[in-house]
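Student: One structure follows; several queries about it will come next.
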Amino acid sequence: MAVGFGDTVRDRRVRVQGKPVESYPRLAPEVERGAVRRITVVGEEILRRRCRKVTEFGTAELARLIDDMFATNQVAEGAGLAANQVDVDLQLFVWDITDEWGVRHVGHIANPVLEEVSADDRHLVEEPEGCLSVPGPYRVVPRLDRAVVRGVDKDGNSLVIEGRGYFARCLQHETDHLHGHLYLDRLAQRERKAALREMQDSQDKVFARRASAAKRLGK
């Protein structure tokens with residue numbers, strides 16, 4: 001990523017694949033092209049195993065998957081979405097998120113690897129976190145306030161994405177998904193059980209809201 005943390009605070013331009021652009025539509029072009037897929041829910045086996053690396057790039061199938069993931073994320077009002085959340089066993093996630101400084105970040109990354117952070121540089125922030133595969137509940141989860149993830153784009157080009165605050169949380173959350181982990185795993189057992197009970201009570205309303213959003217978009 002060519003823009004550092006300090007620049008992100010001062011420069012409010014939208015970041016697409018980590019780079020600032022002069023203008024960007026309200027709906028990402030991928031949303032317009034994509035179809036909405038079913039989002040997997042906690043308890044499904046695909047959410048609990050490490051995903052396979054993407055090995056074929058520049059294909060129509062991969063581009064279509066990314067478009068569909070953007071469309072699915074949009075109707076679900078998500079910040080990011082991993083491939084196993086649409087029942088695809090690949091190390092891939094997308095994001096469309098606005099951080100605390102009003103900067104919108106949009107993009108996708110395949111085979112992401114989070115950079116290790118030394119103990120001296122680790123600063124945990126505790127903030128509420130939710131998940132599209134755990135429809136409804138939010139719980140406070142500690143995450144590093146800064147994150148750098150390295151991977152490749154859909155054409156196999158190297159990619160480095162840097163985030164702070166809410167966007168850093170998103171990068172860590174989605175990378176966790178590709179390793180078979182949910183934010184629930186970071187909770188104490190009692191809190192995890194309470195979140196699952198809350199999900200059971202709220203998921204029908206969440207699914208209805210997603211269906212309504214898909215209809216409005218003509219998806």
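The values are calculated or read from the model by the stated rules, or taken from the named source; none is laboratory data. From a predicted model like this one, the values you see are computed outputs, not experimental measurements. Note: ideal-geometry Cβ built from the backbone for every residue, glycine included; neighbour counts use all protein chains shown. Accessible surface areas use protein heavy atoms only, side chains included; no ligands, DNA or RNA. Shrake-Rupley method; radii C 1.70, N 1.55, O 1.52, S 1.80 Å.
Student: Can you pull the accessible area of F57 for me, 1.4 Å probe, Å² to the nearest 10?
Tutor: Number for this one is 70 Å².
Student: Further question: How many angstrom separate the Cα center of the stretch 142-180 from the Cα center of the stretch 34-54?
Tutor: 17 Å
Student: Could I ask something else about it? Charges only on Cβ, +1 for Lys and Arg, -1 for Asp and Glu: so what's the dipole of the stretch 1-123 about the Cα centre, in debye to the nearest 20?
Tutor: With Lys and Arg at +1 and Asp and Glu at -1, about 140 debye.
Student: Which of the helices in the chain, when you take each full DSSP H run, stretch at least 15 Å along the axis at their Cα atoms and have an average Kyte-Doolittle score of -1.0 or higher?
Tutor: Those that pass (Cα extent of 15 Å or more, hydropathy at least -1.0) are 60-75, 165-178.
Student: Relative to the Cα centre, what is the charge dipole magnitude of the chain, using +1 at the beta carbon of each Lys and Arg, -1 at the beta carbon of each Asp and Glu, and rounding to the nearest 20 debye? Don't skip to the answer; put the middle values down first.
Tutor: Values: 35 positive and 35 negative charges, 114 e Å.
I would put it at about 540 debye.
Student: What shape does the stretch 63-150 take by its C-alpha gyration tensor, where a ≥ b ≥ c are the square roots of the eigenvalues and a/c under 1.5 counts as rounded, a/b above b/c as prolate, and the rest as oblate? Write down the numbers at each step before the final one.
Tutor: On the way: a/c = 1.75, a/b = 1.38, b/c = 1.27.
Since a/c reaches 1.5 and a/b is larger than b/c, the shape of the stretch 63-150 is classed as prolate.
Student: Quick check on the stretch 143-219: take the gyration tensor over C-alpha atoms, sort the square-rooted eigenvalues as a ≥ b ≥ c, and tell me if it's rounded (a/c under 1.5), prolate or oblate.
Tutor: Numbers: a/c = 2.54, a/b = 1.26, b/c = 2.01.
Here the stretch 143-219 falls in the oblate category.
Student: Moving on. If you rank Y138, Y183 by how much accessible surface each has, with a 1.4 Å probe, what is the order from largest down? Mind showing how you got there, number by number?
Tutor: Numbers: Y138 145, Y183 0 Å².
Putting Y138, Y183 in descending order of accessible area: Y138, Y183.
Student: Let me ask something else about it. Per-residue ellipticity at 222 nm for the chain, helices alone: DSSP H runs ≥ 4 residues times -39500 (n - 2.57), over residue total, nearest 500 deg cm²/dmol?
Tutor: Numbers: 5 runs with 69 residues, N = 219.
For the chain, the value works out to -10000 deg cm²/dmol.
Student: Follow-up. Skip the ligands, DNA and RNA, and give the accessible area per residue of the chain with a 1.4 Å probe, whole Å². Intermediate results must be reported in sequence, preceding the final value.
Tutor: Numbers: 11060 Å² over 219 residues.
Result: 51 Å² of accessible area for each residue.
Student: Please work out whether the chain counts as rounded, prolate or oblate from its C-alpha gyration tensor, where a ≥ b ≥ c are the square roots of the eigenvalues and a/c under 1.5 means rounded, while otherwise a/b larger than b/c means prolate and anything else oblate?
Tutor: Values: a/c = 1.37, a/b = 1.09, b/c = 1.25.
Since a/c stays below 1.5, the shape of the chain is classed as rounded.
Student: Would you mind telling me the share, in percent, of accessible area of the chain contributed by carbon and sulfur at probe 1.4 angstrom?
Tutor: Working: 5280 of 11060 Å².
Carbon and sulfur together cover 48 percent of it.
Student: Positive end of the charge dipole of the chain (Lys, Arg +1 and Asp, Glu -1 on Cβ, about the Cα centre): tell me which of G43, T98, A214 has its Cα farthest that way.
Tutor: Positive-end residue among those listed: A214.
Student: In the stretch 80-132, what chymotrypsin sites (Phe, Trp or Tyr not before Pro) fall in a loop by DSSP, with at most 16 other Cβ atoms inside 10 Å?
Tutor: Those that pass, being in a loop and sparsely packed, are W101.
Student: Separate question: Return the long-range amide H neighbours of T98 (sequence gap of 5 or more, or a different chain), with a cut-off of under 5 Å between placed amide H atoms.
Tutor: H105
Student: While we're looking at this one, here's another question. Report, in debye and to the nearest 20, how large the dipole of the stretch 78-133 comes out about its Cα centre when Lys and Arg carry +1 and Asp and Glu carry -1 on their Cβ. Walk me through the intermediate numbers first.
Tutor: Details: 2 positive and 12 negative charges, 52 e Å.
Computed about the Cα centre, the dipole is about 240 debye.
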